[in-house]
Amino acid sequence: MRTLVNLDGSLVAPAEARVSVFDRGFLYGDSVYEVIRTYGGRPFEREAHLARLAHSAARIGLSPRWDAQRTAAEIDRTLAAARGADAPEPDAAPWNAGERYVRVVMTRGAGEIGLDPALAVDPLAIVIVQPLVGPPARAYADGIPAAVVGVRRASPQAVDPSAKTGAHLTHVLAVREARAAGALEALLLDDAGFVTEGSSSNVFAVAGGRLLTPPIASGILEGVTRAVVLRLARAEGVPVEEVPLRPEDLERADELFITSTVREILPVTRLGDSPVGAGRPGPLTHHLHQAFRRLAGGPVGLRVRR
Ligand code: PMP
């Protein structure tokens, strides 16, 4: 399939998917969005994503062009129009083959230049559907390097971390710093030095058989995958603690992993310059990922090309 864009209800090719330079999403990051993925062609945890989109919009006082029902219908329509075969991806994790990445963006719209939100006249609704490109199978087998970066998460008083908005410069700079250090995900601290989350993921540690993750109150996005993982862990009888974590807690952890819609549960086997635990994906990470795979459907195991 090709990338397909739904622009305010019109299905267009990427080259025709143009928005005004006066759109506030472009000028100020004055927008909210969601990333949803499919399993078996169907959006996973759709209701949770649409509820978070509504939450994000309410937190910044944005009235989206479409309500949740219309958004769900437009996602389905765009997915149906985007059906078709994909080029084979030999390194892909097997459960991602033929699946779709769905990005829903709602901007406050265009208007006279100026910060006052009342200047916005025409809210814009966009759905982008692409072939899903997840981490390669090898990333699940070997784990990935992450780094605690110097870029700090903006204070929750200044930027509401529970709203998924288009204002992402902090995360862009965090990723820039992580990449320069050879890491694939940036972990951000708050002003007091506590661990918050990844640039586009939530973070979990395993210590002494317990699963630890920063609480929502620590100023993080309430990840849809995070909620699924907590649910699965509790159902499996794993002791779970939502507690503030320091970078030292991550350094001392037996296992680390990050979670996100596109990455599911991805082991982190290096933190900065040091291996995490034994430097291999750990048993609880593996166990939870298998449980996640069974829930989402599709292949549970990995075939890794060496
Ligand atoms: N935190 C941030 C800052 C993110 O951008 C994301 C990705 N949406 C996540 C966490 C993970 O959220 P989810 O599991 O809903 O994809």
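Of note:
- Scanning the range 252-267 for residues that are open to solvent by 10 Å² or more (accessible area, probe 1.4 Å) and either among the β-branched types (Val, Ile, Thr) or not assigned by TED's automatic domain parsing to the domain that holds ALA146 (or both) turns up THR261, VAL262.
- From the options ARG83, ARG59, ARG24, residue that is more than 30 Å from ALA137 (Cβ to Cβ) and open to solvent by 70 Å² or more (accessible area, probe 1.4 Å): ARG59
- Search result, residues across the range 65-80 that are open to solvent by 70 Å² or more (accessible area, probe 1.4 Å) and polar (S, T, N, Q): GLN69
- Looking only at the range 227-263, residues that are part of a helix (DSSP H, G or I) and over 21 Å from the mean Cα position of the chain (by Cα) come to 7 in all.
- Scan of the range 183-193 for residues that are assigned to a strand (DSSP E or B) and more than 12 Å from the ligand (Cβ to nearest atom), ordered by number: LEU189
- Scanning the range 174-193 for residues that are open to solvent by 10 Å² or more (accessible area, probe 1.4 Å) and of a type in the set (A, V, I, L, M) returns VAL175, ALA180, ALA181, LEU184, LEU189, ALA192.
- For the range 231-239, the count of residues that are among the acidic types (Asp, Glu) and touching a Leu at 6+ places or on another chain (Cβ under 9 Å) is nonzero.
- Positions within the range 102-115 being hydrophobic (A, V, I, L, M, F, W, C) and open to solvent by less than 30 Å² (accessible area, probe 1.4 Å), in sequence order: VAL102, VAL104, VAL105, MET106, ALA110
- Reported count of residues in the range 116-138, each being hydrophobic (A, V, I, L, M, F, W, C), touching a strand residue (DSSP E or B) at 6+ places or on another chain (Cβ under 6 Å), open to solvent by less than 40 Å² (accessible area, probe 1.4 Å) and not in a loop (DSSP other than H, G, I, E, B), is 6.
- Some residue of the range 164-174 being within 13 Å of the ligand (Cβ to nearest atom), in a strand (DSSP E or B) and not small (Gly, Ala, Ser): yes
- When restricted to residues that are open to solvent by 10 Å² or more (accessible area, probe 1.4 Å), more than 13 Å from the ligand (Cβ to nearest atom) and modelled with pLDDT of 95 or more, the range 194-231 contains 7.
- Selection count where residues are part of a loop (DSSP other than H, G, I, E, B) and more than 17 Å from THR165 (Cβ to Cβ), scope the range 102-115: 3
The values are calculated or read from the model by the stated rules, or taken from the named source; none is laboratory data. Keep in mind the model is a prediction, meaning the values are calculated, not measured. Every residue, glycine among them, receives a Cβ derived from its backbone with ideal geometry; neighbour counts consider all protein chains shown. Note: areas computed on protein heavy atoms with side chains; ligands, DNA, RNA excluded. Shrake-Rupley method; radii C 1.70, N 1.55, O 1.52, S 1.80 Å.
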